[in-house]
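As structure tokens, the structure follows; a few thoughts come after it.
The values are calculated or read from the model by the stated rules, or taken from the named source; none is laboratory data. Remember, it's a predicted structure, so these values are computed and weren't measured experimentally. Methodologically, a virtual Cβ is constructed for each residue, glycine included, from the backbone with ideal geometry; neighbour enumeration extends over all protein chains shown.
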Amino acid sequence: MTSRIVVVGGGPVGLSFAIAAAQLPGASVTVIERSASGQQSLPSPFDHRVYALSPASIQFLAELGAAPDPARAAPVRSMRVCGDQAGSQLDFTDGQPLATIVEHASLMRALESRQAQVERIVLRRGVTAQSLDSTEHGERRLALADGSELAADLLVAADGSRSQIRQLAAIAVDVRDYDSDGVVANFRCERAHGDIARQWFGSDSVLAYLPLPGKHISMVWSMASAAAAQTAALDRDQFCAAVAAAGHHQLGSLALVSPIERFPLARTTAQNWVQPGLALIGDAAHAVHPLAGQGVNLGFADARKLVEVLGDRSKFSRAGDLAVLRHYERARREAALAVGQVTDRLRSLYLSEWSLARWLRNDGVRMVNRLPLAKSVLVDYATR
């Protein structure tokens, strides 16, 4: 049975789904992307936007033929988590990389290159959705701002946490505003990072150093919105000194090699992930705090599961049948909600001044660091 699939959103999750879905028998895929151009060049030395890809995500990309350039990626061979007291430290290692730090630009170049090789994918750039309707036969009709219209057996929304398709479909969303911002930037370090991802949990912020090739790191610092605005407004020398001090000078002096970016943090969850002829994936369905390090990994898992469900459906079923799409929603919703809930609890633990919370994030960390079984469970969770 022929399946016309339209994907709105040509980012990592949308393109990965499109590439995988195009392999299904009888499938034709159209991708709609508002950006007028693709990834033309790679920033020097590195893109300030990076992802910590899990081993499962790296495998998925390799299966698609869209593995990012390893020369611009860095393995995380161990992870060091610290509380806000000296000596409260938790070290993770697994013999294999726990994650791989990949730039957004490098990932997009790999996916766009692979997409261009797949004949059954049509990519339309510089267009946006205007309205969404359903037909009596269960099709979705998407009117575009350029006056054209697309009919789809299945419409897939991969257009981010502020999904326009989700809005057009009148799907309500639950939002938890953290009243916090993330500040991101890249640095050249005085000392080698040793392929270690470092994270510090204080009473008012969470700071992460993620390794990049050579003596470079990507920094993510989440804090109250007012404090983030002040931090991002520092001059270059002050900013470098503040980031180095917050990281206890473990990598020596830092030199800024990228713009400083700031963005609001919130957790969003769509109340429904599917409707007849429609499925939400990635941040359109669920967006989590970067503390989890799982955002794009959850999106890739969504893409993989939705393609799997479509491939396993009965030959008498349409790609957009609600019964088919419910299998995807049931399989993925619980995992995404669990990540969001765990992240919220961790955030509450580390930002609380309650005496038990302070004990857990310091003495509790020291205790877990001495328990190999507990550490192995945490490593397994983090590398899925």
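Just give me the residues in region 108-141 being of a type outside the set (Ser, Thr, Tyr) and more than 21 Å from residue 20 (Cβ to Cβ), in sequence order. Even if it seems obvious, please write down each step before you answer.
Narrowing region 108-141 to residues of a type outside the set (Ser, Thr, Tyr): 108-112, 114-127, 129-130, 132-133, 136-141.
126, 127, 129, 130, 132, 133, 136, 137, 138, 139, 141 - these are the residues of region 108-141 that are of a type outside the set (Ser, Thr, Tyr) and more than 21 Å from residue 20 (Cβ to Cβ).
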Listed by first then second residue, the pairs whose first member lies in region 229-251 and is without any contact (Cβ under 8 Å) to a residue 12 or more places away in the chain, whose partner is surrounded by 12 or more Cβ atoms within 10 Å (Cβ to Cβ) and among the hydroxyl-bearing types (Ser, Thr, Tyr), with beta carbons under 7 Å and at least 6 positions apart or on separate chains, are 242/231; 244/253
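Is it the case that residue 304 is of a type in the set (Lys, Arg), in contact with a helix residue (DSSP H, G or I) (Cβ under 8 Å, 6 or more places away or on another chain), assigned to a helix (DSSP H, G or I) and touching a residue at least 24 places away in the same chain (Cβ under 8 Å)?
Values: of a type in the set (Lys, Arg): yes; in contact with a helix residue (DSSP H, G or I) (Cβ under 8 Å, 6 or more places away or on another chain): yes; assigned to a helix (DSSP H, G or I): yes; touching a residue at least 24 places away in the same chain (Cβ under 8 Å): yes.
Yes.
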Going through (1) surrounded by fewer than 23 Cβ atoms within 10 Å (Cβ to Cβ); (2) out of contact with any Lys or Arg (no Cβ under 9 Å at 6 or more places or on another chain); (3) not hydrophobic (A, V, I, L, M, F, W, C) one by one, residue 267 fails only at (2)
- Query: Condition test on residue 243, is it hydrophobic (A, V, I, L, M, F, W, C) and either more than 16 Å from residue 181 (Cα to Cα) or assigned to a strand (DSSP E or B) (or both)?
  - Reply: no
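Yes/no matrix, rows are residues, columns are (1) assigned to a strand (DSSP E or B); (2) of a type in the set (Gly, Ala, Ser):
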position	(1), (2)
170	no, yes
184	yes, no
187	yes, no
194	no, yes
197	yes, yes
206	yes, no
217	yes, no
226	no, yes
229	no, yes
Within region 231-240, residues surrounded by 12 or more Cβ atoms within 10 Å (Cβ to Cβ), out of contact with any Phe, Trp or Tyr (no Cβ under 9 Å at 6 or more places or on another chain) and part of a helix (DSSP H, G or I) come out as 239
Of those in region 244-260 that are closer than 18 Å to residue 194 by Cβ and among the hydrophobic types (A, V, I, L, M, F, W, C), the residue surrounded by the fewest Cβ atoms within 10 Å (Cβ to Cβ) is 244
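Take the residues in region 283-297 that are part of a helix (DSSP H, G or I), of a type in the set (A, V, I, L, M) and within 18 Å of residue 210 (Cβ to Cβ); name whichever of them is modelled with the lowest pLDDT.
The selected residue is 292.
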Of the conditions (1) at pLDDT 90 or above; (2) touching a Lys or Arg at 6+ places or on another chain (Cβ under 6 Å), the single one that residue 80 does not satisfy is (1)
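Considering only strands (runs of 3 or more DSSP E) fully contained in region 1-117, which possess at least 1 residues that are under 28 Å from residue 139 (Cβ atoms) and among the β-branched types (Val, Ile, Thr)?
Details: elements: 3-8, 27-33, 50-53, 73-76, 78-82, 89-93, 99-103.
Passing ranges, in order: 3-8, 27-33.
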Practice prompt. Test residue 76 against the criterion of being of a type outside the set (Lys, Arg) and touching a helix residue (DSSP H, G or I) at 6+ places or on another chain (Cβ under 9 Å), and give yes or no.
Written response: no
Scanning region 311-324 residue by residue, those in contact with a Leu (Cβ under 6 Å, 6 or more places away or on another chain) and assigned to a helix (DSSP H, G or I) turn out to be 311
Scanning region 117-150 residue by residue, those over 17 Å from residue 15 (Cα atoms), surrounded by fewer than 15 Cβ atoms within 10 Å (Cβ to Cβ) and either among the β-branched types (Val, Ile, Thr) or touching an Asp or Glu at 6+ places or on another chain (Cβ under 6 Å) (or both) turn out to be 135
Given the conditions (1) within 22 Å of residue 243 (Cα to Cα); (2) surrounded by fewer than 18 Cβ atoms within 10 Å (Cβ to Cβ); (3) not hydrophobic (A, V, I, L, M, F, W, C), every one holds for residue 199 apart from (2)
Exactly one of 265, 210 is closer than 15 Å to residue 290 by Cβ, modelled with pLDDT of 95 or more and not in a helix (DSSP H, G or I), and that one is 210
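Filter region 149-168 for residues that are polar (S, T, N, Q) and part of a loop (DSSP other than H, G, I, E, B) and give the result.
Across region 149-168, the qualifying residues are 161, 163.
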